[in-house]
1. What's the number of the only condition in (1) in contact with a Lys or Arg (Cβ under 8 Å, 6 or more places away or on another chain); (2) free of Cβ contacts under 8 Å to residues at least 40 places away in the same chain that residue 300 fails to meet?
2. Could you please tell me which pairs satisfy a Cβ distance under 8 Å, a separation of 6+ or placement on different chains, a first residue in the stretch 148-168 that is within 14 Å of residue 346 (Cα to Cα), and a second residue that is among the hydroxyl-bearing types (Ser, Thr, Tyr) and surrounded by 15 or more Cβ atoms within 10 Å (Cβ to Cβ)?
3. Kindly establish whether residue 294 is in the same structural domain as residue 207 (by TED's automatic domain parsing), outside any loop (DSSP other than H, G, I, E, B) and out of contact with any Phe, Trp or Tyr (no Cβ under 6 Å at 6 or more places or on another chain).
4. Which one of 353, 292, 348, 277 is at pLDDT 95 or above and in contact with a Gly (Cβ under 8 Å, 6 or more places away or on another chain)?
Amino acid sequence: MRLCFLAPADSIHSKKWTEYFAKQGHEVYWLSFGVGGDEIPEGIKFYLIKKFPLRPLRPFSYTVNLRKILSKIKPDIFHVHQVWMAGIMGALVNFHPLVLTAWGSDVLLIPKSKLKKPLVKFALRRADLITCDAWHVQEAMIKLGASSQKIKIVCFGIDTKKFSPDSEDENLTRELKIQNCPIVISLRSFKSIYDIETLIRAIPPVLKEFPRAKFIIVGEGPEEDKIKNLAKDLGILDNTRFVGSVPNEELPKYLRVSDVYVSTALSDAGIAASTAEAMACCLPVVITNTGENERWVKDRESGFLIPVKKPEILAEKIVYLLRDENKRKKFGNLARKKIIEENDYYKEMAKMENLYKEILEKIHERKTNFIF
């Protein structure tokens with residue numbers, strides 16, 4: 001198949017999605033607007049779409065050049081990621097078959113704008129097939145007018161071969177000075193939606209029980225200075241490792257040196273990629289009970305679900321897990337089993353490949369019936 005994707009160039013999700021189909025032998029084109037495109041997988045042709053200067057509204061300003069590129073490529077499938085703005089651009093160029101993947105906030109938050117809601121509904125109507133990775137996102141799209149028959153649940157998937165339990169990286173433990181210490185890790189970025197402040201406030205009570213515990217905090221973002229200043233004020237800098245942004249390829253070794261994974265997000269769509277990656281590495285997780293996390297983590301059986309903005313409860317669950325190695329192993333094994341069964345990258349992308357084939361077969365059948 002000749003597949004053309006319109007997806008953010010700076011997203012690991014886009015990279016993984018396009019890379020899979022290129023490795024399967026399909027002819028893959030990756031289009032994006034804005035910035036990015038520095039790390040394009042081998043065998044993929046990349047186009048950075050430029051604005052057409054006479055059109056002031058953002059979704060409209062790219063469509064002239066997008067239409068030109070599509071007429072040149074002539075793909076079998078045009079697959080756009082994120083309803084706003086890519087989905088609207090895809091709907092405006094009126095290329096079919098059009099596959100649209102919602103990422104979460106593009107249908108949960110953006111449609112609250114009276115100006116943007118009609119455009120989101122327009123994009124959903126124009127798509128021939130819609131995918132998302134969460135049932136409540138599916139329900140939100142149906143409320144916006146999308147046909148339930150068009151929508152399929154397809155997760156972005158975790159590479160469970162790469163994210164798997166393995167021995168610790170001794171170089172990393174020496175570099176971070178965390179040898180023979182209980183380790184708690186967070187992979188969410190420094191944005192208000194991820195509420196890293198709650199994790200920082202949970203650290204002092206954990207240290208009362210485990211004075212040598214270390215907290216690895218991966219990520220960057222607008223609240224980074226605020227969070228680091230809070231850690232300084234609480235006197236926990238010696239026990240905290242702010243390691244900045246870490247490439248996805250390097251994340252498994254950070255997870256393998258850790259004992260407990262934490263996510264304090266105020267909101268999630270489907271399961272967060274970082275949470276699923278930790279689960280795939282057999283880590284017990286303590287995460288907030290938001291979105292559809294309860295579909296993925298069974299409270300007190302494969303992890304803990306906690307209320308948002310409750311550092312004292314978070315600390316309690318971390319301490320519980322650090323005290324009980326058998327419980328950590330049990331939770332972690334069940335967590336990995338869940339990801340392998342329902343969120344494996346290779347299974348989910350194979351599911352998507354079959355959906356592409358189905359939609360092309362339907363188009364072929366319609367054309368054949370029309371001829372006869």
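The values are calculated or read from the model by the stated rules, or taken from the named source; none is laboratory data. Here the structure is a predicted model, which means the values were calculated and not measured. No Cβ is skipped: glycine too gets one built from the backbone with ideal geometry, and neighbour counts run over all protein chains shown.
1. (1)
2. Matching pairs, first to second residue: 154/101; 154/131; 156/345; 157/345; 158/345; 159/345; 160/345.
3. Yes.
4. Criteria check complete, one pass: 348.
A quick yes/no check of all residues on (1) out of contact with any Pro (no Cβ under 8 Å at 6 or more places or on another chain); (2) in the same structural domain as residue 360 (by TED's automatic domain parsing); (3) of a type in the set (Phe, Trp, Tyr):
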position: 92; (1), (2), (3): no, yes, no
position: 101; (1), (2), (3): yes, yes, no
position: 125; (1), (2), (3): yes, yes, no
position: 135; (1), (2), (3): yes, yes, yes
position: 141; (1), (2), (3): yes, yes, no
position: 165; (1), (2), (3): yes, no, no
position: 175; (1), (2), (3): yes, no, no
position: 197; (1), (2), (3): yes, no, no
